[in-house]
Every structure is written in structure tokens, then in C-alpha cells.
Amino acid sequence: RVTILPQGNLRIQNASKSDEGRYTCQGVNVFGSAEIIASVSVKEPTRIELTPKKIELTVGESIVLSCKALHDSTLDVTFYWTHNGQPIDFEKEGGHFESIKAQASSADLMIRNILLMHAGRYGCRVQTAADTVSDETELLVRGPPGPPGVVIVEEITDTTATLSWSPGADNHSPISLYNLQARSPFSLGWQTVKTVPDVISGDMESAMAVELNPWVEYEFRVVATNKIGTGDPSAPSRVIRTNEAVPKTPPANVSGRSGRRHELVIAWEPVSEEFQNGEGFGYIVAFRPNGTRGWKEKMVTSSDASKFIYRDESVPPLTPFEVKVGVYNNKGDGPFSPIVVICSAEGEPTAAPIDVKATSLSVSEILVAWKHIKESLGRPQGFEVGYWKDMEQEEAAEKVKTEGNESSILLTGLEGNTLYHLTVRAYNAAGYGPASTAVRAATKKSPPSQAPSNIMWIQDGSHVSLGWEPVRPLANESDVMGYKVLLRQEGQSNSQVIETQKTSAVVLLPDVGVYIIEVCAVSEGGDGTASPQIRVPSYAGGKVTSAQSTLHLLSTSSSVTLLLALMVPSTSW
């Protein structure tokens, strides 16, 4: 058990507590001797227990691995965790790993929200000053299947495609079934397609996609499913186009439209390219007068067409026709839509409005009114008013429309003091009827540009007497018809309006506060420019003081005599 090795070392096997103590090594030769002393301490061996030993979990679950150490009480221990032999970096694992150390002699590893990548060997290593021991456990993670291998398109017809693929990883849960998905320029992303067989079991590696549309480009992919869930899809197949076929979808919503007299206007919703089934797609328009036998057929070669107009001078307005619209392509003729009955056009209005009157309302507005003769055909959907200045040509007329049975319209934004010519005509979807005889109306002259001047006022308690010089309009401005006094309390937006034909007025200030007063001239063309604002305080009742009876002059003193004459009945001043 105790051996001196050739190099002079001392080896003690199966050491025990009895081997503790001081050991002396002495060397002797002819010249003398030397020695060294070594102290030996014998510690209890470290043992660890890692649980559980083997774990099977599903993606999304969590687990705690527990590592306990039995060690000599005089030694400190340190725990290290590894995953597949590599140290776990708890800072870089996205919060999935957490080291928990509740006691000095144990450590736990928390793995949260487990992913497939977390499967493998987990090791716990315990290190002391005397020894190092480790243990491992195996973690198996079950999850949805991995993506299947490359999808190969093996055979194509006009409505089917045969596909094959290789299985992907089952991730420890057998694949139960496959789903086939397709994508085309007309689909909203990937869509599950019908297949033969209807259910593709997990042991199959080929299937047929059915009920595809002819002459459409498709991509395919395969998705696997097991008890855990559905995995990621395979990579898309190459793009393929199904074969051509005779079209099977006729146009929808075949109906009539308004047109000109002697026209039959047939309209429909164009067939989407998805259902045209091949090149050379077009429409066959068939129609016949109601109650007759033979069909007239016309080819419309544009795949985007949505209307066909048949014109025949012998066709009376509102003649009923049976109509159907079919489809064709290079492979042959497809079906017709259901027969519908539509009528030939009634045509545009034939009568001009009568009793057209134009009335000038202001500097920028003219009211136009008219009457319309009711017609059995060419019924109007509205009216159009054209207007132009006296020095302009009718071709330069501006136009404004009404809808329905309106018999008047207010034209706004016109130039002041200007003569206008006006016409009215009816219209409908077929076109415009004849215009009325032109009438004339002139907008009013502009309101006076001069504001009332030399405004003077005297306040007597809550009453304010105002006076001003009359406004004299320019030659191109409207005559003054009177004046407006606008009164509002400061901070308020609503004004009280007092109208007068004189150049003076008395206003009442009912409440305490500051009032703002303005004066403007009134004319046929509208209100003129307002005077500068006057700020007048209103006192809280009581006898009028000398300060409250002060005469105020807004302009020059030359007008004082005028104001006194207006406001004071006696001339004893």
C-alpha cells in the first residue's frame, strides 16, 4: 500500500485518516545528509448526484436540473454547467437558462420555454481544492416536424399537378400527415389545395394537387404535422404553369347601360385572367329582339372588354332585347351567361329648358331658374348651366351641373359689375340636350371701398350717441343705401347689428364691460369697408358723471360742430 518509487517519491494508495501526519524524506551520501518534511491531510472524496438522469420534454415546456455535492466540510466547492460539452453562457442565451444556487453544496439549472435546439447532454462539474468530479444527463426535446425536403413537380395537366418530396426530421414525434399548399399570382399568399388522396398520411412522399385552374402559374410547398404541432413548410417548388383548356366561366352581371338613341349598350363584368384558361381569350355577344328566334352574334377580341355597343337606326328607343355573353379562347368556345332582357337606349334629352331667368343678387352672385318640358324619352338626369362674360365667346363658357329635378342654381364667385350671358341644357347618360336661348344678367357694383370717417361719439351712462360723415362711393361702386352699426362685447364673437339710413345712431350698452363698435355703409353690392374699431367702456349704472359725458373725436376737430348739431337739439352752445 505504501511504496518508495525509484525516483525517491513515496506513494500511498487507498489513503485513509490514519495516513495523516508529518513525513520526512532524508538523503545521505559520503559528504553528509539532507532532509525535507511534508505534511499530509486526507480529505473525504467529493461525490455528486445529478437528477433527473434522462428527460423527455415537449417544445415550450420548462425543467429544473438539480446537482448536489457531497464533499469534505473543510473544502469549498464550485459548480459549472455545460451543454454538449460547452460552458453555458447565461448572459447570451436569451433568458432560457438560469443558474439557481440555494445552498452551498447544491446548484440547479432552470431551462425555460425549451426549444428544439436545447436538446442534448447537460453536464454538472464540481471542483474543490482536492478533486474535480462531473456527471451528465440527457435531454430529449419533442417538437413539430422539420421542413420536408425539396418538392418536385413530376406531372402537369390543365387542373392537376403530381408532386413528390422527402420527409424532414420528425423531432421525436412521428409525422401523422402532410398538407399541400399552392400559391399563384391570383391568390392571397399560400393556400391549402385539394389533393388525391384527400388525406396525405405521414408515411407518404407524393400526392396529386387537384382542382387547379388551367393556364395559371403555381408554386407548391409541403407542410408536415405530428402530435406536437405543424412544422415549418418546405422550400417552394419551381414555378409551373398548368395546361390550357376551354374556358368554363362566363361573364357575370350582364346588363344594359345608357346610350345614344338607336343604340343597344350591353355591359358585363370581365372574366379574371385566373379563369380565362388559355391564350386568345375573348367574348361572344349574342342578342335578339324579344320574341324573335335568330341570334345575332358579335366577337369581342379584347379580354379586358366590359361593354359592347350595337347601333341600328331602325331600332326604336326602349326596344327590349334578349342578351347573353359567352367566352372563348384558342382551345374553343365556353359557356354563355344566363339570358337577360335589356332595352335599347332612350337617347339624350330632346327639349331645351324654357322660361330661363337670371337674377343678380350681389356683386358675385346670380340666381338662375328654369322650367323643363317633361318628355317620354330622353329623360334628364340633371341640368348644366353655362355662363360667360359679355366680351367673351360662348366657347369659353364656364359650366356647372345640377343633379335630379333641380330647377334653379346659385352661381357664386363671379366678378362684380359684369354682364354675363347664360344658357341651360338638360343631360343624361346618353349625352346633352339642346341649350336654351341665352339670357343676360349683370352682377351688382362693388360695395363702397371708403369706410365711414370722422366718427364722433358721446357716452351718457349706458347710452352712446354716434355720428359720422357720409360715405361717397366711387363711380364703379354701388350707391349707399344706409349704414350698419356693429356692436359686440369684447371677448365675444356675436355682434348686434343696428341699421339706419342716417349718419348717426344711438346704441345701448346693456352690461358692464368694454364694447367694440364699428360702422360700415350698406349698398346694393353688399356691405362696405368697416370703420376702425371704437372701444367704449360701460359703467355699472348710477348717475352720469362728467367723465362719462365726454365728447370723443375719432378724426379731425373740424367735424365737432356737425356732431353737436346731430346730438344736441338746442343751439345754445
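Against the empirical curve 2.2 N^0.38 Å, the C-alpha radius of gyration of segment 354-443 lands at a ratio of 1.07.
Can you give me the C-alpha center-to-center distance between segment 1-59 and segment 158-228, rounded to a whole angstrom? So the two Cα centres are separated by 68 Å. In this entry, segment 152-242 is assigned a mean projected area of 5.5 nm², taken as a quarter of its C-alpha convex hull surface. Counting only residues at least eight positions apart within a chain, or on another chain, the lysines with an alpha carbon under 17 Å from that of Lys54 are Lys68.
Within the chain, the ratio Rg/Rh, alpha carbon atoms throughout and Rh by Kirkwood, equals 1.37.
The gain in end-to-end length when the Arg440 to Glu322 segment is fully stretched comes to 37.5 nm, 0.36 nm per residue minus the alpha carbon separation.
Stokes-Einstein diffusion for segment 111-270 at 4 °C, viscosity 1.567 mPa s, with a Kirkwood radius from C-alpha pairs, works out to 65 µm²/s. Legend: translational diffusion of segment 252-344 by Stokes-Einstein, Rh = Kirkwood radius over C-alpha pairs, 10 °C, 1.306 mPa s; D = 117 µm²/s. Which whole-angstrom value gives the distance between the alpha carbon centres of segment 519-534 and segment 323-386? After rounding, the separation between the Cα centres reads 47 Å. With R₀ fixed at 25 Å, the C-beta to C-beta distance from Ile37 to Tyr80 puts the FRET efficiency at about 0.10.
Per atom type, the chain shows carbon and sulfur on 50% of its accessible surface, probed at 1.4 Å.
Computed over every Cα-Cα pair of segment 369-513 and binned at 10 Å starting from 0, the pair-distance distribution P(r) comes out as 9, 25, 19, 16, 16, 11, 3, 0 percent.
For the residue pairs Lys371/Lys401; Lys53/Lys227; Lys307/Lys374; Lys399/Lys445, the C-alpha atoms sit more than 21 angstrom apart in Lys53/Lys227; Lys307/Lys374; Lys399/Lys445. Return the FRET efficiency for the residue pair Tyr432, Gln496: r is the Cβ-Cβ distance, R0 is 60 Å, and the value is rounded to the nearest 0.05. The formula returns an efficiency of 0.75 here. Across all directions, the average flat footprint of the convex hull enclosing the Cα atoms of segment 453-550 is 6.4 nm². Residue ranking by accessible heavy-atom surface, 1.4 Å probe, largest first, among Ile455, Ile152, Ile12, Ile4 comes out as Ile4, Ile152, Ile12, Ile455. In summary, the convex hull built on the alpha carbon positions of segment 1-133 has an orientation-averaged projected area of 12.2 nm². FRET efficiency for the pair Leu367 and Ile516, taken as 1/(1 + (r/R0)^6) with r the Cβ-Cβ distance and R0 = 51 Å, rounds to 0.90. From its DSSP helices (H runs of at least four residues, each -39,500 (n - 2.57)), the chain gives a residue-normalised ellipticity at 222 nm of -500 deg cm²/dmol.
For the set Met117, Met299, Met208, solvent exposure ranked by accessible area (probe 1.4 Å, protein chains only) runs largest to smallest as Met117, Met299, Met208.
For segment 47-142, the solvent-accessible area of protein heavy atoms averages 56 Å² per residue (probe radius 1.4 Å; ligands and nucleic acids excluded).
Taking every DSSP beta bridge with both residues inside the chain, roughly what % is antiparallel (nearest 5)? The antiparallel fraction comes to roughly 95 percent.
The values are calculated or read from the model by the stated rules, or taken from the named source; none is laboratory data. All of these numbers come straight from a predicted model, not from anything done at the bench. Counting neighbours? That spans all protein chains shown, and the Cβs are built from the backbone with ideal geometry, glycine included. Remember, those area values only see protein heavy atoms, side chains included, never the ligands or the DNA or RNA. Shrake-Rupley method; radii C 1.70, N 1.55, O 1.52, S 1.80 Å.
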